[in-house]
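Here, each number is a calculation from the coordinates, and none is a lab measurement. Every value quoted in this text rests on a predicted model; they were computed, and no experiment measured them. Counting neighbours? That spans all protein chains shown, and the Cβs are built from the backbone with ideal geometry, glycine included.
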Amino acid sequence: MEVVDILDKYLSQVQGEIKTALSTVEPDELKEASLHLFNAGGKMIRPALAILSAEAVGGSAEHALKAAAAVELIHTFSLIHDDIMDQDEKRRGQPSVHKIWGEAMAILAGDTLFSKAYETVLWTETDGMDSRLVVGALQTVADSCVNICEGQALDMGFADRLAVSEEEYLHMIYKKTAALIAAATRSGAILGGGSEEQVEALAEYGRLIGLAFQIQDDYLDVTSDEDNLGKPVGSDIAEGKRTLLVVHTLEKAKPQDRDELIRILREKSDQSVARAIEIFQEYGSIDYAHDIALGNVEKAKKLLLILEDTPAREALMKLADFVLERSH
């Protein structure tokens, strides 16, 4: 089965759960703002991971369906708020929510998705699930929300610092990106009735591919193109973000190149993006980031070997590889 087929398998059901969750939202303007990014598309990797994790431990896809939708609701809430904070005008090739409806309505849309996510997980109990498993999934989802906020705060704080260590960077992206992916795999494994060993292995698998996912985003920011990214190439540089490429270059660069890169990051202008990419290339930082992401994916795939060889496990293997194969 190809990755596109894996992601499409439960897409309509997850979308149905999301639309059901948002069906009672009013007024219409808030509902439209809340649904905007879902209508614009998206890979839906996190819901697929939640459902496949449930299946991989011998459980039912249906039992993880609402948790899968909840994880996507949280992901989309974080994108809406990120776009406001970063003043990004486009997302998924479409105008950002705040560009269409204004910042105030965009904040409310994000808050709506955040709240509906918890409600959606709780609805899992109506499917006949053990309440203890539902509480475990809900706790996992709640923890990921706190991590996302902490990760965003760390990311913002890094912009004001000259030096950020690789360890600090990895801690930040765990919280900002990997924690939600780990929550998807953990909650799916919990609702699938997995053993403690299986749940922990799948949570760690999610953490590792989550780290790789964010590092690949850093990589794609300077190696892809605007059509694939849905935003300008080098936008992280123009926003002064401390990505792994920046962290590695600042650690390895000669003083003159280090000072120039710091100046470019402080300027927060797209005029010097090409020069920053040249500096990254000079110190091998682009290849370094890709190698780190690849190492995480390989470790993640090894963790899956404790599971029985099933179509769900094979799909999880393919999704791990897809993290690095994607172009956006």
Pairwise label distance in nanometres, Glu267 with Glu282, each label 7 Å out on the Cα-Cβ vector: 1.4 nm
Distance cut-off 39 Å, percentage of C-alpha pairs in the chain lying past it: 12 percent
Euclidean distance between Cα centres, the range 253-328 to the range 85-119, Å: 27 Å
Efficiency of FRET from Cβ geometry, Glu29 and Asp291, R₀ 30 Å, rounded to 0.05: 0.05
Greater than 24 Å apart at Cα, pairs in Lys31/Lys66; Lys19/Lys241; Lys241/Lys301: Lys19/Lys241; Lys241/Lys301
Over the range 137-185: Kirkwood hydrodynamic radius from C-alpha pairwise inverse distances, Å: 11.0 Å
Principal axes of the range 212-257: Cα extent on each, largest first, Å: 35, 22, 15
Helical mean residue ellipticity (222 nm; -39500 (n - 2.57) per DSSP H run of 4+; nearest 500) of the chain: -24000 deg cm²/dmol
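Relative contact order for the range 3-325: what percent, with Cα pairs under 8 Å and sequence separation of 6 or more?
Contact order relative to length: 20 percent.
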More than 13 angstrom apart: percent of Cα pairs within the range 244-316: 70 percent
